[in-house]
1. Scanning the range 24-57 for residues that are in a helix (DSSP H, G or I) and surrounded by fewer than 11 Cβ atoms within 10 Å (Cβ to Cβ), which turns out modelled with the lowest pLDDT?
2. Please indicate, with yes or no, whether at least one residue in the range 270-278 is over 30 Å from residue 181 (Cα atoms), in contact with a helix residue (DSSP H, G or I) (Cβ under 8 Å, 6 or more places away or on another chain) and either without any contact (Cβ under 8 Å) to a residue 40 or more places away in the chain or assigned by TED's automatic domain parsing to the domain that holds residue 308 (or both).
3. Among the listed residues 238, 311, which satisfies the condition of being buried (at least 17 other Cβ atoms within 10 Å of the Cβ), at pLDDT 90 or above and either more than 25 Å from residue 202 (Cβ to Cβ) or not assigned by TED's automatic domain parsing to the domain that holds residue 214 (or both)?
4. What's the number of the only condition in (1) modelled with pLDDT of 90 or more; (2) buried (at least 19 other Cβ atoms within 10 Å of the Cβ) that residue 296 fails to meet?
5. If we keep just the residues of the range 80-109 that are within 26 Å of residue 29 (Cα to Cα) and modelled with pLDDT under 80, which is surrounded by the fewest Cβ atoms within 10 Å (Cβ to Cβ)?
6. If I filter the range 266-285 down to residues being touching a strand residue (DSSP E or B) at 6+ places or on another chain (Cβ under 6 Å) and closer than 23 Å to residue 244 by Cα, which single residue comes out as surrounded by the most Cβ atoms within 10 Å (Cβ to Cβ)?
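The values are calculated or read from the model by the stated rules, or taken from the named source; none is laboratory data. As the structure is a prediction and not an experimental result, all values here were calculated from the model. Glycine also receives a Cβ, built like all others from the backbone with ideal geometry; neighbour counts cover every protein chain displayed.
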């Protein structure tokens, strides 16, 4: 398959370049402002009929030369500057053999998004997934212990689950604000807040000075055969799941294209269809990772095919 770019970056390789890219962006912006001031000054003098020369002309030439050199640093590496003011950068990459862009914005702590070559920043995958923190294994051990203790203690929740979550356990119908009375779940909220800010940064929302706050947080334990059918999260803005235990082969999180009932007589998709055009996309469940999405996006967890328990923590954020 022919590729548009000759260089392709892994997340690790792109991440290593970020400190230098920050320096180049800062210098480029500073020199651009300086060059604009010098150009305005020199243009005024030229309009007045004065001879140009001296220190200011030399400064302008040096600034222009350095700006060209910085641009070459990006061009030679095939790294795309999509928005200088925002520090929006795209790195060519490969995903299952297909060219995509790894997308990074200067305010992002890490590279956590990708999009197709044609779709741009607005087409960043509508689902965000990332490791919650570096030392998640220790944190998950504590969460796993509390999830089991909660199921043992929560008689009301077990009764609710028998009717509404057959074969499994969820605290959704009994204790759905775990972040308000457990320090461990409170730590989870604190970790998640950073990821929610990163995700929302790409949605172009005008929050009007208000913030997004966690309103609900509950546990889900899914043994073999348990299913969570298609649903959405009304009255919320951002929803998500954090994975505590994900045995090999367990079900992922399956999303439905919200345009499904509008396709009508549309032709079928090609075998190499992009994620943005698939009718359903499944994101694998991975311990230590958080998955975020806008709450209107319908999703489900298909029946778990493995005996070991798949344990996750779901949550909602509302615009307060």
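1. At the first step, the residues of the range 24-57 found to be in a helix (DSSP H, G or I) are 24-47, 55-57.
Filter once more, keeping what is surrounded by fewer than 11 Cβ atoms within 10 Å (Cβ to Cβ): 40, 44, 47, 55.
Numbers: 40: 69, 44: 66, 47: 57, 55: 70.
It comes out as 47.
2. The initial filter retains those residues of the range 270-278 that are over 30 Å from residue 181 (Cα atoms), namely 270-278.
Those left that are additionally in contact with a helix residue (DSSP H, G or I) (Cβ under 8 Å, 6 or more places away or on another chain): 276.
Next cut, either without any contact (Cβ under 8 Å) to a residue 40 or more places away in the chain or assigned by TED's automatic domain parsing to the domain that holds residue 308 (or both) only: 276.
Checking the range 270-278: at least one residue is over 30 Å from residue 181 (Cα atoms), in contact with a helix residue (DSSP H, G or I) (Cβ under 8 Å, 6 or more places away or on another chain) and either without any contact (Cβ under 8 Å) to a residue 40 or more places away in the chain or assigned by TED's automatic domain parsing to the domain that holds residue 308 (or both).
3. Working: 238 fails: either more than 25 Å from residue 202 (Cβ to Cβ) or not assigned by TED's automatic domain parsing to the domain that holds residue 214 (or both).
Result of the check over 238, 311: 311.
4. (2)
5. Residue satisfying both the conditions and the ranking: 85.
6. Per the stated criteria, the residue is 285.
Here's the yes/no breakdown for (1) part of a strand (DSSP E or B); (2) under 27 Å from residue 137 (Cα atoms); (3) over 24 Å from the mean Cα position of the chain (by Cα):
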{"residue": "226", "(1), (2), (3)": "no, yes, yes"}
{"residue": "264", "(1), (2), (3)": "no, no, yes"}
{"residue": "300", "(1), (2), (3)": "yes, yes, no"}
{"residue": "307", "(1), (2), (3)": "no, yes, yes"}
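Residues are listed down the side, and each one gets a yes or a no for (1) crowded, with 21+ Cβ neighbours inside 10 Å; (2) in contact with a helix residue (DSSP H, G or I) (Cβ under 8 Å, 6 or more places away or on another chain); (3) under 30 Å from residue 307 (Cβ atoms):
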site: 170; (1), (2), (3): yes, yes, yes
site: 173; (1), (2), (3): no, yes, yes
site: 178; (1), (2), (3): yes, yes, yes
site: 185; (1), (2), (3): yes, yes, yes
site: 200; (1), (2), (3): no, no, no
site: 215; (1), (2), (3): no, no, no
site: 223; (1), (2), (3): no, no, yes
site: 233; (1), (2), (3): yes, no, yes
